[in-house]
1. Across the range B:198-243, what is the number of residues that are in a strand (DSSP E or B) and more than 10 Å from chain A (Cβ to nearest Cβ)?
2. Evaluate the range A:262-284: report whether one residue or more is under 23 Å from residue A:73 (Cβ atoms) and without any contact (Cβ under 8 Å) to a residue 24 or more places away in the chain.
3. Residues of the range A:35-66 being closer than 23 Å to residue A:239 by Cα and under 19 Å from the mean Cα position of the chain (by Cα), which ones?
4. Scan the range A:91-116 residue by residue and report those that are touching a strand residue (DSSP E or B) at 6+ places or on another chain (Cβ under 9 Å), more than 12 Å from residue A:60 (Cβ to Cβ) and crowded, with 18+ Cβ neighbours inside 10 Å.
5. Go through (1) in contact with a helix residue (DSSP H, G or I) (Cβ under 7 Å, 6 or more places away or on another chain); (2) farther than 30 Å from residue B:27 by Cα; (3) modelled with pLDDT under 75 for residue B:635 and report which single condition fails.
6. Check residue B:572 against each of (1) away from every other protein chain (no Cβ under 14 Å); (2) under 26 Å from the mean Cα position of the chain (by Cα); (3) in contact (Cβ under 8 Å) with a residue 60 or more places away in the chain and name the one condition it does not meet.
7. Residues that are under 23 Å from residue B:64 (Cα atoms), buried (at least 21 other Cβ atoms within 10 Å of the Cβ) and within 11 Å of chain B (Cβ to nearest Cβ): does the range A:122-141 have at least one?
8. Report yes if residue B:619 is surrounded by 15 or more Cβ atoms within 10 Å (Cβ to Cβ) and at pLDDT 85 or above, otherwise no.
């Protein structure tokens, strides 16, 4: 008798711990300062999660972002591309080896050279999480690994079909919000990024990102809960939609961006409009002191790194600093915070309708505010607790009755 | 001055290293084009690289060297193919044809323990998946790996005697894996081109620069062969052979009509067909040549050469003899470089040389040339560098016009004549194989493999009865004619289980007993979830038989839910079957000789990797197309799952509640009525607990229910104080 009660109590305790661990997600770890590491390299993980020809647009979304970041200087070796189906050489594609995001067909986003690292059935939730956390089998080739470190800025882009707190992979699996948040937390623990920008273009994208709590992460979602992320640009020749609205809007902004641009996230956010997208975008920064206008887009989308010589007395350094104009010229390429940059920023009005627009966009959305989540999480935890308690009492009474 | 001296020394050292490495890395590129039908052009690229250096390469890709030196392998062959070779319209392929999807063939060194073998395989597969962007990591899954079965070549080996030249390495372990559903696209070509010294920026590979043409071709095949070899001097080295085979559909018909109307109108240009230009020569290439197959039959050209070896062209412009005497012109063109455009529609300004495949009889010392090989076309050879010097940053290579008959091969032309005469029963290539599934059942089915032999092949078999290759013979029938053998290799994934006792063989529709006709067999049954089944059969088929059918019944396995691929309803791929047979037209010693105005026997002999590859061996292989077998697949759709789960939970709840409310105490005994009376309150408590349990469980599991509960609470006026924060 006493033994069985003891066992029951132990079970109860374990279950309580389990429920308690489920509510860890709401303890948002907030950091207040930017990473102390210098920005030295750029990495990108671009994922499309949809299979089948009818999802052409999701693969074009991803390939368009690939086109942008490759154009801005991130090499193929630093891009992990996951494409679950072959669209370019699909038998249904009337334009072989090409993908277009515009019915004018003037820009082939597939291009002459492309390296897909994971494709077909290899695009799975476990492979995606392995890429993020770096927990690979030892024989996995280097081209399939995200070999970033604490000085890397990492861009993650996801496009596919999703729902409340999940995104579907290859039509059979789901990546859940908690798993994603845990993977990012693990990345932070292992020092696999300096700053991380995660963009998700799915239906109810914000719900997928709402549990992310790792420091120095910026998340951008294309739609809110109960909202769809709609497609755009129907092509009569291919008989399909070519791209999604949020990504289209993003690409439209990047058309004017080159490697020397000083455009910030705030500039990008300023171009998103509900009238065009039919969904409310939202962003979240786990680093609370960071603002969108502090984050340059080329930090993530381009290969712009802060490179400084370690010694100020070396022969190279005298060459570098000998000519002030030369130094100035070169610094324009290598330094992100050149003084004249700040000056030019001061000259410009700081985002004319920045705040008002932000307020309109972000606050009109049914945003998943912390308190709402907290209430729901509390209910969840307590209901689990009550369930277990009632189960325990039930078992106890049944036990007593049989005695 | 010290600095200067230092620089000079360094430069000298660098130069010495560079020269030294140059001697160790070799690169050659070749291109073959031939019309396979009036609309279809075959373009075959072959890039050969070799090195004897273990480090410091000038052109050889380091990744390949690394792979070859770390793994204990003899040879690795990888092919990625989309589309299929259409035997009926394109005839017999000039170059090796591969089945659709990805095929990986590796022969590893003998003596590896099973564990080491698996580790080697895994490392190889992963390295290749990184090097080719194909999803080879799926081949980890051992269901697609099979050991090499028996091959016709091995069966014949004891009598042919040239085992060392052709046969697989003795004692090695061959592993073979197929991914029949692997796509082929730009992402595979990109890393493949990276292995070439000039990528696609210079040399013949720049003809692949227009990707839509390359991947819009009806048949695209990318091949990579890695081999360890030893030079004649005994130095060990690594050889890398890369091939691309394209069959491009061109809209040449109109141009051809134009040509008939105006004979001097320019014809098809190779670079126009491919949509890309060769602008630069690739400097590391020691050989860079373009070979264009002549549409005329080599026999006619050969006869002309023999009779007119004095170098005199036919002066008379006889219309009826138009096709029979262009050789004199060619020979003249080869010597003078000028030719009247009216006589030959082929290229005129470029210096080119015509190569004929001549057969050297076995006993002769190499002088007595009797005939040309019927299986090979005559080739016109151009040097890329010379073409580039003439053309303005382009090859400017004009292709000859294809014959109205849709093939370069004379026997195919014969078939088409036959078809024109109304006998279309056997129209097509030498041997044709197709395969299909019968039965619409989700549990059972049968697969039929049908092999058809052409009338020409049978006639030649009858003529060469027991004079050609002699097989080693099976258990019975010592005097088996090698040429009448047909070998079949079929790989079955483990979830398709053939029943070998149901195997029936039909010759021309008549069922024949299997045993007397079986020369060799090797059947390895599949192991559930670990290795595929392999069926290897070699049958003796009498020359008179036109059609062979093999039928075998199979049952389908049930898969667990996680074993289904995302597109399970598409069906499951069964890899292509391989049918191999001996080519009676094969000549063991074919030499390519330059037709020059002189004696046939004294003509220059030309050899290159591509040319020797054309007459590779007596064994011809025909691949069937892929096969899809539908397996029983559950309904994976999400609503179905949700409904299933929620109904199960509800059923458990109601079942438990009903059980609780209706059950009477313990199993039996007199005390039962009393106890039930006593425990009425207890029962109510239990029911209440059950209700609380399940509603709490529902709240715990369902986020939306929580949301609703929250809204309900808020409406009821409960202060949710942290919401106001």
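1. 19
2. yes
3. Correct list: A:48, A:49, A:50, A:57, A:58, A:59, A:60, A:61, A:62, A:63, A:64, A:65.
4. Matches in the range A:91-116: A:97, A:114, A:115, A:116.
5. (1)
6. Single failed check for residue B:572: (1).
7. No, the range A:122-141 has no match at all.
8. No; evaluated as a whole, the condition is false for this residue.
The values are calculated or read from the model by the stated rules, or taken from the named source; none is laboratory data. All figures in this text were calculated on a predicted structure; none of them were measured in a lab. When we count neighbours, we look across all protein chains shown, and the Cβ atoms used for this are built from the backbone with ideal geometry, even at glycine.
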